[in-house]
Structures are given as C-alpha cells and as structure tokens.
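Undergrad: I have a structure I would like to understand better, so I am pasting it below and will then ask my questions one at a time.
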Amino acid sequence: MTGVIIYSSVYGTGKTYAYRLRSLSKFDLFSYDEIKDLDHYDTIIYIGSIYAGIVKGMRGVFKRIDPQDKKLILITIGIVDPMNKENQDNIKNNIKALVSNAVYSKLKIYHLKGAIDYQKLSLKHRFLMYLIYKKASKSDPNKQSSEEKAILETYKKTLSFVDFDELKKIWEEIYADIN
C-alpha cells in the first residue's frame, strides 16, 4: 500500500495536522502546490483548511485524480464546530459542488477544529471576518446559524482548538479501513 498526505495551510494549522498524521502513518507528505504525480498512490489523504466555505486547494488536487481503485480521505479544518450536523452538511455541500461525482462518491470525509489568531490574519481575511461578524451581529440571536455563532464567539480572539487525539482517532479508523 502506498499513501500520501497532501495539505493546504495558510496560517499553519493544516500543516500542523498533516505533519502529525505523517508521524502516525509514514505516508509521503506534500503541500497541495508541490504534489505532482498522484497515480502511484493507493491512498490519498487531503487535509485542508476551510476559507469562506471552501477547502483551500482541494479542487485542483482532486481534479487530477482518477478515483478508481483509490482510497480518498478528506480532513477539513475550520473554526466552526465540526460535530454540528448543520456545519457538516454545509461543508459537504460545498465539497460536492467542487469535485466530480466519481471523486465525491469515494471520499471519506472527516472534520477537525482548527485555530485562529486575528493578529496573524491578512488584511483580506480580517476584512472578510469583519463583514461576516457585522452581518452575524445584526441577525436575530434565535435565528443565527452555528457558523454565525462561532464567528461571534471567536471574533478578534486568538484560539486554538487543535486536537491531536481526534486526529489519532481518525487515523485509527482510516488505518483499519485501508488494511
């Protein structure tokens, strides 16, 4: 069995999770913008941070994959509660819109919480978060989505929800599935 871990990361959380997973798996490891050939891998794990509802870099990588005879795993990372069904459905709908049906039908999808440090956000990302925060703060608290609540709770804070125990649980499930 040959496997690869591909990650996307802007502020480091995706890379942190990817390196930790590599220490458990011994799979090859590449950033999404470094990986060239995926044909010889049986198992492809993509770890990607979510920005504006989209898993960074995922579309370009999965576009190059012939999913036949491959195990495809996607681990998303975001600041919203990954156990919330509404959040999971939103993430899955966004993924489904970006990849082929053949790839989507083969994907095993997991969700992890990430980290946020407003001091390190680019001007563009700070402005985007401000717009989302402003909109959420004006909405009826009884009608706010879990994503809006997460933005309101984390706005301008430095928080890390990185959980290597959850990553280890995911790896144990993946490992049992690929062997």
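Undergrad: Select from the stretch 36-54 the residues that are surrounded by 21 or more Cβ atoms within 10 Å (Cβ to Cβ) and within 22 Å of Gln68 (Cβ to Cβ) and list them in ascending order.
TA: Answer for the stretch 36-54, where residues must be surrounded by 21 or more Cβ atoms within 10 Å (Cβ to Cβ) and within 22 Å of Gln68 (Cβ to Cβ): Ile44, Ile45, Tyr46.
Undergrad: How about the stretch 4-35: which of its residues are over 12 Å from the mean Cα position of the chain (by Cα), closer than 14 Å to Trp171 by Cβ and of a type in the set (Gly, Ala, Ser)?
TA: Answer for the stretch 4-35, where residues must be over 12 Å from the mean Cα position of the chain (by Cα), closer than 14 Å to Trp171 by Cβ and of a type in the set (Gly, Ala, Ser): Ser23, Ser25.
Undergrad: Is there a residue being within 21 Å of Gly3 (Cα to Cα), assigned to a loop (DSSP other than H, G, I, E, B), at pLDDT 90 or above and not assigned by TED's automatic domain parsing to the domain that holds Ala150 anywhere in the stretch 73-88?
TA: No, the stretch 73-88 contains no residue that is within 21 Å of Gly3 (Cα to Cα), assigned to a loop (DSSP other than H, G, I, E, B), at pLDDT 90 or above and not assigned by TED's automatic domain parsing to the domain that holds Ala150.
Undergrad: Could you list, in sequence order, the residues of the stretch 20-36 that are in a helix (DSSP H, G or I) and out of contact with any Leu (no Cβ under 7 Å at 6 or more places or on another chain)?
TA: Ser23, Leu24, Ser25
Undergrad: A further question on this structure: Return a yes/no flag: does the stretch 120-137 have any residue that is of a type in the set (Gly, Ala, Ser), farther than 24 Å from Val61 by Cβ, free of Cβ contacts under 8 Å to residues at least 24 places away in the same chain and not assigned by TED's automatic domain parsing to the domain that holds Gln68.
TA: The answer is yes, given that some residue of the stretch 120-137 is of a type in the set (Gly, Ala, Ser), farther than 24 Å from Val61 by Cβ, free of Cβ contacts under 8 Å to residues at least 24 places away in the same chain and not assigned by TED's automatic domain parsing to the domain that holds Gln68.
The values are calculated or read from the model by the stated rules, or taken from the named source; none is laboratory data. Remember, predicted model here, so these are calculated numbers, not experimental data. As a convention, Cβ positions derive from the backbone with ideal geometry for all residues, glycine included, and neighbour counts pool all protein chains shown.
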